[in-house]
Amino acid sequence: MKYAIVGTGARHQMFRNAIARNYGNRHTIAALADVNAHRLTLSAEWVKDNASRDVPTYEASDFDRMIAEQRPDTVIVTTPDFTHNEYIVAALKAGCDVITEKPMTTDLTRLKSILDAQRESGKSVTVSFNYRYTPARTQLKDILLSGAIGEITAVDFRWYLDRVHGADYFRRWHRYKDRSGGLLVHKSTHHFDLLNWWIASTPKRITANGRRAFYTPEMAKALGLDGRGPRCHGCPVADKCDFRLDLEADAALNALYLEAEGDDGYLRDKCVFADDITIEDTMQVQVEYANKTSLNYTLVAYSPWEGLEVKFHGTKGELTHRHVEVHGVFGGKRDHAHQDGMTTELHLAGGLPQSIPVWEGSGDHGGADPVMLGYIFDKENMEPDRYGRSSNQVQGAWSILTGIAANRSIATREVVDVDALLAEYDISLPRG
Ligand SMILES: NC(=O)c1ccc[n+]([C@@H]2O[C@H](COP(=O)([O-])OP(=O)(O)OC[C@H]3O[C@@H](n4cnc5c(N)ncnc54)[C@H](O)[C@@H]3O)[C@@H](O)[C@H]2O)c1
């Protein structure tokens, strides 16, 4: 199979490396495209060095010509979120299948264009929800499918981003709501997708609160960062800022971003306390699902530790999973939690809490990425997936609808009915 990749930044490397190295006996990278010539050349050089292949490269504006000349079977979209729709639609219209990074897109107009193009072309859209494949999260699906806690009635789900990872969403395109949809779309698409999949339902009514409470100019002042510059590179107070991202000190970041700035002015290390940030860092969402399950959800982007806590309440008992990914965080000092950082507990009514040995894996995103790549690039040799982890445009759409509706609720202070929202944009979507 021939693959073209559009967007040759950090994330495309996972797909590129898998195709060129792990699955190179059956797949090839037919072409690469980007708006940034430096990153494009870097990626093509990597393919040359690692797969002994001269891969054709294209300016992103020549995307249609790339498809016509190189005839890829599948286009992989790893550009910033707000541009996904453009390439998904163009690739589908040209007769290609599509694999897109999450979130599938950022708003309802873009969503409609993707759904229409998919329906008209009949080609496939795969959304790479790697979180479903993390062994411990697949295990939760396994336990819930077994009916151990009976009917699921309510869920408490909290996700904490620490001051290293969380801060990173405030440095570049993610920090503008019109480019990422805000964290409730950009980041929570993973979480809301997990929830839709875990409880086998879709969101119906949503209320939310959210604000930027921490990454603010006022906080910079309180931290003694008066006189800060617009970015870390060359910032007069960089030495005393715990949030500094030192691009020069990291060979990979230096090559991918600092050395590429001349081409398009994309700055990877803008100040996380800048005034022009338009996304929230503190969000709480309540959801009523089609199957009547209710959800309380919290996302905070400046926690002292990173991880998640999820509790499923059921008619027979509770299932609780906690994952402390990293802790002891500040000023770039992060300590990865050991295996005991992940716990799962089943507490059935009338019994004592029972600790469940957690399924483990290895590789990026807690062992998720290698399993997902196996199902994408080598499906014939994988076991049939009894958990239904692969996701298409329908699951991609439902995963962003909670965040899009929550954004509307934050703006209007009103409860948002998802069916009404879909009707407003003339979108029809099957409920799972
Ligand atoms: N599933 C995950 O765990 C995961 C992790 C990281 C990123 N992602 C997703 O991957 C995507 C890329 O993220 P990233 O961190 O690699 O970002 P990035 O900024 O490092 O890379 C984006 C690339 O796209 C290029 N680009 C920008 N505008 C473009 C346009 N209009 N046309 C073509 N190319 C364009 C940039 O030059 C850059 O090379 C995002 O959608 C992000 O949400 C997913």
Treating every alpha carbon of the chain as one equal point scatterer without solvent, the Debye formula yields log10 I(q)/I(0) values at q = 0.07, 0.12 Å⁻¹ of -0.35, -1.09
Compute the distance in nm between two label points, each set 7 Å from the Cα along the Cα-to-Cβ direction, one at LYS292 and one at GLU261.
5.8
Taking all protein chains as present, what is the carbon and sulfur share of the accessible area of the chain, in % to the nearest whole number, probe 1.4 Å?
48
For the chain, set up a GNM with springs between Cα atoms under 10 Å and report which of ASP378, ASP250, ASP275 has the largest fluctuation.
ASP250
Dipole size in debye (nearest 20) for the chain around its Cα centre, Lys and Arg Cβ +1, Asp and Glu Cβ -1?
620
From the residues LEU195, ILE152, THR79, which one has its Cα farthest along the dipole of segment 77-195 in the positive direction, the dipole being from +1 and -1 charges on Cβ of Lys/Arg and Asp/Glu about the Cα centre?
THR79
At 0.36 nm per residue, and after removing the present C-alpha to C-alpha distance, how many nm does the segment from ARG53 to ALA148 gain when stretched out fully?
29.1 nm
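Would you please give the FRET efficiency between LEU429 and SER355, computed as 1/(1 + (r/R0)^6) with r the Cβ-Cβ distance and R0 = 45 Å, to the nearest 0.05? Show your work: numbers first, answer last.
Details: r = 39 Å, r/R0 = 0.87.
Once the sixth-power term is evaluated, E becomes 0.70.
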Based on C-alpha coordinates, I'd like the Rg and Dmax of segment 66-155, in Å.
17.0, 55
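What do the square roots of 5 times the Cα gyration tensor eigenvalues come to for segment 2-127, in whole Å, largest first, as semi-axes of the equivalent ellipsoid? It would help to have the intermediate numbers written out before the result.
On the way: eigenvalues 109, 43, 34 Å².
For segment 2-127, the semi-axes come out at 23, 15, 13 Å.
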Would you compute the Debye intensity of segment 217-264 from its alpha-carbon atoms alone, equal scatterers and no solvent, and pass along log10 I(q)/I(0) at q = 0.19, 0.26, 0.27, 0.32 Å⁻¹ to two decimals?
-0.65, -0.93, -0.96, -1.16
How big is the gap, in Å, between the Cα center of segment 15-49 and the Cα center of segment 336-410?
28
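Leaving out ligands and nucleic acids, and using a 1.4 Å probe, what accessible area per residue does segment 109-227 come to in Å²?
Result: 32 Å² per residue.
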Longest site-free stretch - the chain; sites: trypsin sites (Lys or Arg not before Pro), DSSP loop, at most 12 other Cβ within 10 Å:
27-291
Listed residues LEU184, GLY307, TYR387: farthest to the positive end of the dipole of the chain (Cβ charges):
TYR387
For the chain, set up a Gaussian network in which alpha carbons nearer than 10 Å are linked by springs, and say which option among GLU306, GLU69, GLU380 fluctuates the most.
GLU380
Distance between segment 98-150 and segment 239-302 - C-alpha centres, whole angstrom:
23
Can you pull the accessible area of HIS336 for me, 1.4 Å probe, Å² to the nearest 10?
120
Sites THR109 and ALA222, calculated FRET efficiency, Cβ-Cβ separation with R0 30 Å, nearest 0.05:
0.15
When the chain is fully extended, how far beyond the present Cα-Cα distance does ARG322 get from GLU69, taking 0.36 nm per residue of separation?
86.2 nm
Non-local residues with an amide H under 5 Å from the amide H of ARG53, with H modelled 1.01 Å from N and Pro and chain starts lacking one, are LYS48
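The values are calculated or read from the model by the stated rules, or taken from the named source; none is laboratory data. These figures come from a predicted structure and were not determined experimentally. Neighbour counts run over all protein chains shown; Cβ positions are idealised from the backbone, glycine included. Only protein heavy atoms, including side chains, enter the accessible area calculation; ligands, DNA and RNA are left aside. Shrake-Rupley method; radii C 1.70, N 1.55, O 1.52, S 1.80 Å.
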